[in-house]
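Peer 1: Before anything else, here's the structure in question.
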Amino acid sequence: MKRARSQIGKTQEEVANALHVSRQTISSWENKRSYPDISSLLNLSDYYNLSLDCLLKKK
């Protein structure tokens, strides 16, 4: 997720505001301390314009 965010030039704060979560939540997801729920995954997929497959699989 961090790579996707960096590629679109957004800060954690900007993504958090767009998805209506805290910046700390975005940080936790990016650092694998926690994982987004299904609804958040769908929102992330739309926001980053990535398939769920890309978000869920490591490359």
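Peer 1: Which number in (1) outside any helix (DSSP H, G or I); (2) open to solvent by less than 60 Å² (accessible area, probe 1.4 Å) marks the one condition that Ser45 misses?
Peer 2: Unmet condition: (1).
Peer 1: Test Ala4 against the criterion of being among the aliphatic types (A, V, I, L, M), surrounded by fewer than 16 Cβ atoms within 10 Å (Cβ to Cβ) and assigned to a helix (DSSP H, G or I), and give yes or no. I'd like the intermediate steps shown before the answer.
Peer 2: Values: among the aliphatic types (A, V, I, L, M): yes; surrounded by fewer than 16 Cβ atoms within 10 Å (Cβ to Cβ): no; assigned to a helix (DSSP H, G or I): yes.
For Ala4, the condition - among the aliphatic types (A, V, I, L, M), surrounded by fewer than 16 Cβ atoms within 10 Å (Cβ to Cβ) and assigned to a helix (DSSP H, G or I) - is not met.
Peer 1: Restricting the search to the stretch 1-21, which residues are under 17 Å from Leu42 (Cβ atoms) and aliphatic (A, V, I, L, M)?
Peer 2: At the first step, the residues of the stretch 1-21 found to be under 17 Å from Leu42 (Cβ atoms) are 1, 4-5, 15-16, 18-21.
Residues satisfying the conditions are Met1, Ala4, Val15, Ala16, Ala18, Leu19, Val21.
Peer 1: Working only within the stretch 30-42, note down all residues that are part of a loop (DSSP other than H, G, I, E, B) and touching a Phe, Trp or Tyr at 6+ places or on another chain (Cβ under 9 Å). Spell out how you get there, then give the answer.
Peer 2: So the first thing to find is which residues in the stretch 30-42 are part of a loop (DSSP other than H, G, I, E, B), and the list is 31-37.
Hits for the stretch 30-42 are Tyr35, Pro36.
Peer 1: Give the residue that is surrounded by the fewest Cβ atoms within 10 Å (Cβ to Cβ), with candidates limited to residues of the stretch 11-29 that are out of contact with any helix residue (DSSP H, G or I) (no Cβ under 7 Å at 6 or more places or on another chain) and in a helix (DSSP H, G or I).
Peer 2: Looking at residues that are out of contact with any helix residue (DSSP H, G or I) (no Cβ under 7 Å at 6 or more places or on another chain) and in a helix (DSSP H, G or I), I get Gln24.
Peer 1: For Leu55, only one of the following conditions fails: (1) in a helix (DSSP H, G or I); (2) at pLDDT below 95; (3) exposed (fewer than 15 other Cβ atoms within 10 Å of the Cβ). What is its number?
Peer 2: Leu55 satisfies every listed condition except (3).
Peer 1: Could you say whether any residue in the stretch 30-37 is open to solvent by less than 50 Å² (accessible area, probe 1.4 Å), touching a Ser or Thr at 6+ places or on another chain (Cβ under 9 Å) and of a type in the set (Lys, Arg)? Full working, then the answer.
Peer 2: The first filter runs over the stretch 30-37 and keeps only residues open to solvent by less than 50 Å² (accessible area, probe 1.4 Å), leaving 30, 34, 36.
Subset that is touching a Ser or Thr at 6+ places or on another chain (Cβ under 9 Å): 34, 36.
Imposing the further condition that a residue be of a type in the set (Lys, Arg) reduces the set to none.
No: the stretch 30-37 contains no residue that is open to solvent by less than 50 Å² (accessible area, probe 1.4 Å), touching a Ser or Thr at 6+ places or on another chain (Cβ under 9 Å) and of a type in the set (Lys, Arg).
The values are calculated or read from the model by the stated rules, or taken from the named source; none is laboratory data. Treat the numbers as computed from the prediction; the structure is a model and nothing was measured. Ideal geometry is used to build each Cβ from the backbone, glycine not excepted, and the neighbour counts take in all protein chains shown. For accessibility, only protein heavy atoms count, side chains too; no ligands or nucleic acids. Shrake-Rupley method; radii C 1.70, N 1.55, O 1.52, S 1.80 Å.
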